[in-house]
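Undergrad: Please read through the structure below; I'll follow up with questions.
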Amino acid sequence: MYKFTTKKLARAGVVAALYVVLSLAVLPIASGAIQFRPSEALTILPLFFTESIPALFIGCMLSNLITGCAVWDIIFGSVISLVSGVLTYFVGRLLKNDIIKVLVGGIVPIILNALFLPLIWYFCYGLEYLYILHVLFLLASQSVVIYGLGIPLYFAVKRLNGTVSFFRTDELKTKEKTAEERTEEKPE
């Protein structure tokens, strides 16, 4: 069973707040039919932290709400982030090689956003003739952000995972406890 601690709640709050701040920092290009959101680099975090999944959902919802998106865009755009987070989390559990994990984990939000956001925009804003252009632009912009910013973020968090308490995952703690138990069991 998943245990939601105060530390995880704080970490989720930080991720959601960072998503909003990074989106608003580049506001003219963070929302609309042509968008470039540095905050999408945070979609790599479910590879480490389960609590980042709802945090990305809330951060996306707040960003879309603040920037004045249509109601369906606010709802379904955030749901796309939620589904991306869940799928990225499972990629992180299935794959062990760091390079493959971050490459495959990064492709999930790229593909989902590129294929489904233009459909939402079509129903919200009537941009049907631009669907293919939106897909191509989102593939490019999401790839630049997720791989250009997300990969360095992944390795920075991985490096801090063992040293900074805020970034330490439960998986690492379990490994430490198992190692301690093995050393205690050794006869002298």
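Undergrad: Rounded, prolate or oblate for region 6-185? Axes are the square roots of the Cα gyration tensor eigenvalues, ordered a ≥ b ≥ c, and the cut-off for rounded is a/c under 1.5.
TA: Here region 6-185 falls in the prolate category.
Undergrad: Measuring from centroid to centroid over Cα atoms, what is the spacing of region 48-72 and region 150-164 in Å?
TA: 23
Undergrad: Moving to a separate point now. How tilted is helix 170-185 with respect to the longest principal axis of the chain? Cα atoms for both, answer in degrees (0 to 90, nearest 10).
TA: That helix lies at roughly 10 degrees to the long axis.
Undergrad: Here's another thing I want to ask about it. Would you calculate the separation in nanometres between label points at residue 143 and residue 10, each defined as 7 Å from the Cα along the Cα-to-beta-carbon direction?
TA: Once both label points are built, they end up 4.0 nm from each other.
Undergrad: Check the chain and count each lysine pair with an alpha-carbon distance under 22 angstrom, considering only pairs eight or more places apart or from different chains.
TA: 25
Undergrad: In whole angstrom, note down how far apart the Cα centers of region 1-35 and region 74-121 are.
TA: Each part reduced to its Cα centre gives a spacing of 15 Å.
Undergrad: Now for a separate question. How far is helix 151-160 tilted, in degrees, relative to the longest principal axis of the Cα atoms in the chain, given as a value from 0 to 90 rounded to the nearest 10?
TA: On a 0 to 90 degree scale, this one is about 30.
Undergrad: Using packing as a proxy for protection, rank 79-90, 113-124, 21-32 so that the peptide with the highest average count of other Cβ atoms within 10 Å comes first.
TA: Highest to lowest by the protection proxy: 79-90, 113-124, 21-32.
Undergrad: I need the calculated FRET efficiency for the pair residue 24 and residue 115, taking r as the beta carbon distance and R₀ as 35 Å, to the nearest 0.05.
TA: Details: r = 26 Å, r/R0 = 0.73.
That pair, residue 24 with residue 115, gives E of 0.85.
Undergrad: Let me ask you something else. Using alpha carbons only, how many degrees (0 to 90, rounded to 10) separate the axis of helix 131-145 from the longest principal axis of the chain?
TA: The helix 131-145 is inclined about 30 degrees to the chain.
Quick note: the coordinates plus some simple rules give every number you see, no bench work behind them. Bear in mind that the values here come from a model prediction, so they are computed numbers and not experimental data. Every residue, glycine among them, receives a Cβ derived from its backbone with ideal geometry; neighbour counts consider all protein chains shown.
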